[in-house]
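Asker: Here it is, the structure, as structure tokens.
The values are calculated or read from the model by the stated rules, or taken from the named source; none is laboratory data. Nothing here was measured: the structure is a model prediction, and the numbers come from that model. Note that each Cβ is placed from the backbone with ideal geometry, even for glycine, and that neighbours are counted across all protein chains shown. Areas reflect the complete protein model, heavy atoms only, side chains present, ligands, DNA and RNA absent. Shrake-Rupley method; radii C 1.70, N 1.55, O 1.52, S 1.80 Å.
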Amino acid sequence: MSIGLRRVVAATAVVTLGLGLASCGSAKQSTGTTSTGGSASGTAVGAVRIGLLLPETKTTRYEQFDRPLIEQKIKELAPDAQIDYYNANENATTQQTQVDTALTKGDKVLILDAVDSKAIQSSVQKAHDAGVKVIAYDRLAQGPVDSYVSFDNKKVGELQGKALVDAVNAKANGGSPTAAAGDAADGGSIIMINGSPTDPNAADFKAGAHSAIDGKLKIGKEYDTPNWDPNNANQEAAAAITAIGAPNVVGVYSANDGMAAGISTALKAANLNVPLTGQDAQLDAVQRILAGTQTMSIYKPFKPETDAAATMAVTFAQGKPLDSKLVPVTVTNGSGNKVPSDLITPIVLTKDNIKTTVVADGLYTVPQICTPDYAAACTAAGLS
């Protein structure tokens, strides 16, 4: 797709990278290092170390897509590069220790998806002082970050909010999403379940969603959910349904698919089937969309984002600046630092475009999606 192609153009010719230090283990490191042999050219002099620090494993995307795609692209661009991988398992202190370990090992570039964007600032500063480049990946860390790649997060929230307004309107007005905005809210309320308060992306999703929802739907209960935890989201939804009254709930805003899984369980327990949003295009969310228990998700094609991060890392490792093709915009992080950035446009995923998005892009196959429980829904949606 076009947003992926412009990152392929950005991936320039590769030379082998500077010398790295010997590896040592760490009790805080969730897995071992990944390295490859071979050379992109006859001028290889050794392998640079690149640290990849991801935040958690509860959201399936990190281990299933982000890590392997980033590693694959780095190896494609620089076969001799060594990658030190860390996963913080939602613990900000663990991630700070992992940054220390990466610096001790001699990692020259860090691709960092922060557990807590504010708490990691001192570690980013430490890396900067050591001459190590820091790429903020998916979440914009505070401190002197060298570059950032993510999606337009306020746009994500805006798209989610608009989809919820349209779906609630359609359900309230006999299938017409274009009926008067206030009609959908008459006699009913929505529940808003936002992401983690320590994740700057969650604040952007929330702001974008409010920009689409405020004045159009009545918000009965709203929560910020620590660690994006699906179990917490389930409990929040159950409590909100009790407080508002099940007959008065007309929809639920969920900031991502992991939480939507917990919320859908709470809705089912209350015998409710109302519009429900999501994000990340998780496999179970795609199946819920087909089954009609989730309205939409946000598909953020992982490959353009992972390719951009890997290309930035290799470019930095080569001692080169990032050109405007890699970082076409500048954003300001929470500590006031101006960060050259690449913000990718997200895509609304519904049952109407599953085939042309997540299937066409190879994220999932039809057999993966269309298990026996979803066979009839797949047939109805033209997936076969």
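Asker: Report, to one decimal in Å, the Kirkwood hydrodynamic radius for region 289-384 based on all distinct Cα pairs. Each step should come with its number before you reach the end.
Answerer: Numbers: mean 1/r = 0.0620 Å⁻¹.
The answer is 16.1 Å.
Asker: Let me ask something else. Would you calculate the separation in nanometres between label points at Lys126 and Leu283, each defined as 7 Å from the Cα along the Cα-to-beta-carbon direction?
Answerer: 3.7 nm
Asker: Right, next: When the Cα centres of region 337-352 and region 93-163 are compared, how far apart do they sit, in Å?
Answerer: About 17 Å separates the Cα centre of region 337-352 from the one of region 93-163.
Asker: I've got another one for you. Which pairs, out of Lys155/Lys355; Lys133/Lys162; Lys118/Lys216; Lys216/Lys338, put more than 28 Å between their alpha-carbon atoms? Intermediate results must be reported in sequence, preceding the final value.
Answerer: Details: Lys155/Lys355 23 Å; Lys133/Lys162 38 Å; Lys118/Lys216 33 Å; Lys216/Lys338 35 Å.
As for pairs spanning more than 28 Å Cα to Cα, those are Lys133/Lys162; Lys118/Lys216; Lys216/Lys338.
Asker: Can you compute the equivalent ellipsoid semi-axes for region 71-228, i.e. the square root of 5 times each eigenvalue of the Cα gyration tensor, sorted largest first and rounded to whole Å? Don't skip to the end; give the middle numbers.
Answerer: Working: eigenvalues 341, 53, 27 Å².
So the equivalent ellipsoid measures 41, 16, 12 Å along its semi-axes.
Asker: Which residues' amide hydrogens lie under 5 Å from the amide hydrogen of Glu222, considering only partners 5 or more residues apart or on another chain, with H built in the peptide plane?
Answerer: Met192
Asker: Cα to Cα, under 12 Å, and not fewer than 8 places away if on the same chain: which aspartates and glutamates meet these conditions relative to Lys171?
Answerer: Output for Lys171: Asp183.
Asker: Moving to a separate point now. Cα centroids of region 60-89 and region 182-242: how far apart, whole angstrom?
Answerer: 33 Å
Asker: If you don't mind, another one. How large, in Å, is region 197-273 by the Kirkwood hydrodynamic radius built from its alpha-carbon pairs? Before the final figure, lay out each step's value.
Answerer: Working: mean 1/r = 0.0777 Å⁻¹.
So the Kirkwood estimate lands at 12.9 Å.
Asker: Taking 30 Å as R0, compute the FRET efficiency from the Cβ-Cβ separation of Thr345 and Ala269 and round it to 0.05.
Answerer: Numbers: r = 36 Å, r/R0 = 1.21.
In this case the efficiency is close to 0.25.
Asker: Quick one: which residues, 5+ away or cross-chain, put their amide H under 5 Å from the amide H of Leu349? H built at 1.01 Å from N.
Answerer: For Leu349, whose amide H was placed from the backbone, the distant partners under 5 Å are Ser297, Ile298, Tyr299.
Asker: If each residue of separation counts as 0.36 nm, what is the full-extension length gain between Thr60 and Thr379 once their alpha-carbon separation is subtracted? Provide the component values of the computation, followed by the final result.
Answerer: On the way: separation 319, 0.36 × 319 = 114.84 nm, distance 2.63 nm.
Here the answer is 112.2 nm.
Asker: Still on this structure, I have one more. Zone of Thr242 (label point 7 Å along Cα→Cβ, backbone N under 16 Å): which residues in region 212-228?
Answerer: 221-222
Asker: When ligands, DNA and RNA are left out and all protein chains stay put, how many square angstrom of accessible area per residue does region 324-384 have with a 1.4 Å probe? Show your work: numbers first, answer last.
Answerer: Working: 3250 Å² over 61 residues.
I get 53 Å² per residue for this part.
Asker: Same structure, new question: Quick one: what do you get for region 218-336 if you divide its Cα Rg by 2.2 N^0.38 Å?
Answerer: Output field value: 1.42.
Asker: Which ³J(HN,Hα) values, rounded to whole Hz and listed in residue order, are derived for region 217-226 from phi using the Karplus coefficients 6.51, -1.76 and 1.60 in 6.51 cos²θ - 1.76 cosθ + 1.60 with θ = phi - 60°, glycine and proline given as x?
Answerer: In residue order, the calculated couplings are 10, 7, 9, x, 9, 9, 9, 9, 10, x Hz.
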